[in-house]
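Reviewing the structure listed below.
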Amino acid sequence: MSPKVEWLIEPKGSHSVFTAITYMRAGHLWSKLFKKGMKNIIEAHNKHTWEEAKNLKKILEK
């Protein structure tokens, strides 16, 4: 698996919109063998990304 992550911060009026985009690439065989595991990996990644987004927001709002 080779993830690519993009963080976008776009101004919207007096606020900002934070967007995290993750591109995950896994081979066909890997996807077939670890179908259930892939769901857990994605859920863990989403949780981690959400936590990092909150931390980044706190840092940028100082």
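The values are calculated or read from the model by the stated rules, or taken from the named source; none is laboratory data. What you are looking at is a predicted structure, and each value in this text was computed from that prediction instead of being measured. Cβ placement follows ideal geometry from the backbone for every residue including glycine, while neighbour counts extend to all protein chains displayed.
The residues of region 6-34 that are hydrophobic (A, V, I, L, M, F, W, C) and either free of Cβ contacts under 8 Å to residues at least 24 places away in the same chain or not in a strand (DSSP E or B) (or both), listed by number, are LEU8, VAL17, ILE21, MET24, ALA26, LEU29, TRP30, LEU33, PHE34. MET38 passes every criterion in (1) hydrophobic (A, V, I, L, M, F, W, C); (2) more than 9 Å from the chain's Cα centre (by Cα); (3) not in a helix (DSSP H, G or I) apart from (3). Please enumerate the residues belonging to region 1-52 that are among the acidic types (Asp, Glu) and in contact with a Ser or Thr (Cβ under 9 Å, 6 or more places away or on another chain). If the condition is that a residue be among the acidic types (Asp, Glu) and in contact with a Ser or Thr (Cβ under 9 Å, 6 or more places away or on another chain), then GLU6, GLU10 are the ones that fit.
Residues in region 41-62 that are modelled with pLDDT of 85 or more and either among the basic types (Lys, Arg) or part of a loop (DSSP other than H, G, I, E, B) (or both): LYS47, LYS54, LYS58. If you take the residues in region 1-32 that are among the aliphatic types (A, V, I, L, M) and more than 21 Å from ASN55 (Cβ to Cβ), which one is surrounded by the fewest Cβ atoms within 10 Å (Cβ to Cβ)? Selected residue: LEU29.
Of the residues in region 10-26, at least one is hydrophobic (A, V, I, L, M, F, W, C) and within 9 Å of the chain's Cα centre (by Cα).
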